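Accompanying notes for the structure given below.
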Amino acid sequence: MLRIVFTIIWLVLSVWLVIWVGEGLFGVNQRESILPFSGEDTLGAPIMIGVAWGLLLTFGGTMSGLGRRKKVRGEAEIGVGRIVEVSRTGLTVNDVPQYDLFIRVTPRAEQDFIAQLRMLVEPSDLGTLQVGLPLAVRYSLADQDIVELADPNDPLVSDALIAWRIERGLIDPRQVRARTTGIQVPASVLEVRPTGQRREGQSELALRVLMAPEGAATWEAETTVFVYPEAISRLQVGAPIWAFYRREDPQTIAITIEKEAAR
């Protein structure tokens, strides 16, 4: 009900302002008006109405839904998209600015589409939202204008991200089994060498890794990984990482910077 009231008031004020501006630009007799609270003797009324209109658009829209994007509803799918644009909305909540992220989503069996994700972003996290960054999102099958961030702890999200990387040649298919069904152990980088290959804004590195499972003997293994430029510093010699391997094939490994939850 409150949303309807705010919407009606905002629309009435909008019509009033449009007519007032139109009369000022095209009216023959500026002393007469079809509007209440207008004319030379009431110049303060348009100012007050304009202020009220702006306040309703800024604050009333946030509370009532005028400026708020709807959430994903109904049957939803998980897909992977890439950020194509990041822009501020002008709204700040508790000193945290709000941003609109426009994301090109690539469903596995459908055509690409661009959707919007509106979210609050801490200033310290803004650097991670770069154009080209892949994000796992939920989208509605009926309305693809809006998406939501998918739960990173959902196994389906991990599967979607791995499938996206496989399709784009960002992960060696031989590493997939180690990544999805292997054992995760701590490891360290012994050697790093760029291969010169670049895909999807990521650079390929060839690594020699020291595998160090707790309570067991260590061994060395070699692998390759595509990473974004800002993550290269975290894969320098001596850097601690996490690696996946299968007992029957300890030389085929996949690596990650952050420890992942058990699948």
Open item on the list: Suppose we keep only residues that are among the hydroxyl-bearing types (Ser, Thr, Tyr) and at pLDDT below 90 within segment 91-111. Which one would you say is surrounded by the fewest Cβ atoms within 10 Å (Cβ to Cβ)?
Closed with: Thr92
Open item on the list: What pairs come out if I take residues in segment 88-104 that are touching a residue at least 40 places away in the same chain (Cβ under 8 Å) and pair them with residues that are open to solvent by 70 Å² or more (accessible area, probe 1.4 Å) whose C-beta lies under 8 Å away, six or more apart or interchain?
Closed with: Ile103/Arg82; Ile103/Ile114
Task: Test result for Gln184, in contact (Cβ under 8 Å) with a residue 40 or more places away in the chain, more than 24 Å from Gly132 (Cα to Cα) and of a type in the set (S, T, N, Q) - done: yes
- [ ] Quickly run through segment 62-90 and pick out the residues that are aliphatic (A, V, I, L, M) and either at pLDDT 70 or above or in contact with a strand residue (DSSP E or B) (Cβ under 7 Å, 6 or more places away or on another chain) (or both).
- [x] Val72, Ala76, Ile78, Val80, Ile83, Val84, Val86
Open item on the list: Looking at segment 177-188, can you tell me whether even one residue there is in contact with a helix residue (DSSP H, G or I) (Cβ under 7 Å, 6 or more places away or on another chain), of a type in the set (S, T, N, Q) and buried (at least 16 other Cβ atoms within 10 Å of the Cβ)?
Closed with: no
Open item on the list: Among the listed residues Pro134, Pro123, Pro152, identify the single one that is of a type outside the set (Gly, Ala, Ser) and open to solvent by less than 80 Å² (accessible area, probe 1.4 Å).
Closed with: Pro134
Open item on the list: Let me confirm something: among Ile166, Ile114, which residue is open to solvent by 20 Å² or more (accessible area, probe 1.4 Å), in contact with a Gly (Cβ under 9 Å, 6 or more places away or on another chain) and free of Cβ contacts under 8 Å to residues at least 40 places away in the same chain?
Closed with: Ile114
Open item on the list: Whether any residue in segment 158-171 is on the phi < 0 side of the Ramachandran plot, aromatic (Phe, Trp, Tyr) and either in a strand (DSSP E or B) or in contact with a Leu (Cβ under 7 Å, 6 or more places away or on another chain) (or both) is what I want to check.
Closed with: no
Task: Selection count, segment 216-257, where residues are polar (S, T, N, Q) and either within 11 Å of Ala187 (Cβ to Cβ) or in contact with a helix residue (DSSP H, G or I) (Cβ under 6 Å, 6 or more places away or on another chain) (or both) - done: 4
Open item on the list: Which count do you get for residues in segment 196-209 that are open to solvent by 50 Å² or more (accessible area, probe 1.4 Å) and in contact with a Ser or Thr (Cβ under 9 Å, 6 or more places away or on another chain)?
Closed with: 3
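The values are calculated or read from the model by the stated rules, or taken from the named source; none is laboratory data. Not measured: the values here are computed from a predicted model. When we count neighbours, we look across all protein chains shown, and the Cβ atoms used for this are built from the backbone with ideal geometry, even at glycine. Side chains included, ligands, DNA and RNA excluded: accessible areas come from the protein's heavy atoms. Shrake-Rupley method; radii C 1.70, N 1.55, O 1.52, S 1.80 Å.
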